Amino acid sequence: MSLVTLLPFIVLIGAMFLMTRSAKKKQQQAASMRNEMQPGSGVRTIGGMYATVKEVNEDTVLLDAGPGVHLMFAKNAIGAVLSDDEYNRIVHGPDADADELTDGAVVPDDASSLTETDETAADDSRIDLGKKDETEVTDAADESAEAPKADAAPEAAAEAKKTDGESDAK
């Protein structure tokens, strides 16, 4: 066999070796990170939950996720051990002390105050939206009751036949 025919196999074996070597390095780094956990450090689980380490056992970790919330996780479920600055930035926000903009903010109960301006708030005149008064509505109802109903009956029956989904043209 010549070297040219063996070259693709050698390259394939070399690539596999390099990939497994980098994977082993990542696994070793993750294991050393998990072993360096101490109570009080902030962690992120593989599920994305942020918590503080309360107790470290041989294979498990007791996490404090909030006031009165204690969770038991396997060490393998810890995705990252965070520095104190990074943990506080993620959990409490980038500028926890810079809430000066929202301290005095007034939140309205409804959206009507957002659309009002000073001119429209001062002008309380009624706007005619084309609605009829009650007297005009009752007069129109009386006139329609006096109209002959016999002529309207055949037209209504024809309309009822057309509304079943069929058309006149077949």
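The values are calculated or read from the model by the stated rules, or taken from the named source; none is laboratory data. What you see is a predicted model, and the numbers here were worked out from it, not measured in a lab. Cβ sites come from the backbone with ideal geometry, for glycine too, and all protein chains shown count toward neighbours. All accessible areas refer to the heavy atoms of the entire protein, side chains included, with ligands and DNA or RNA removed. Shrake-Rupley method; radii C 1.70, N 1.55, O 1.52, S 1.80 Å.
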Mind checking which residues of the range 69-96 are outside any strand (DSSP E or B), open to solvent by less than 30 Å² (accessible area, probe 1.4 Å) and of a type in the set (Val, Ile, Thr)? none
Only residues that are under 21 Å from Asn88 (Cβ atoms), within 32 Å of the chain's Cα centre (by Cα) and without any contact (Cβ under 8 Å) to a residue 24 or more places away in the chain: list them for the range 25-47, please. Gly40
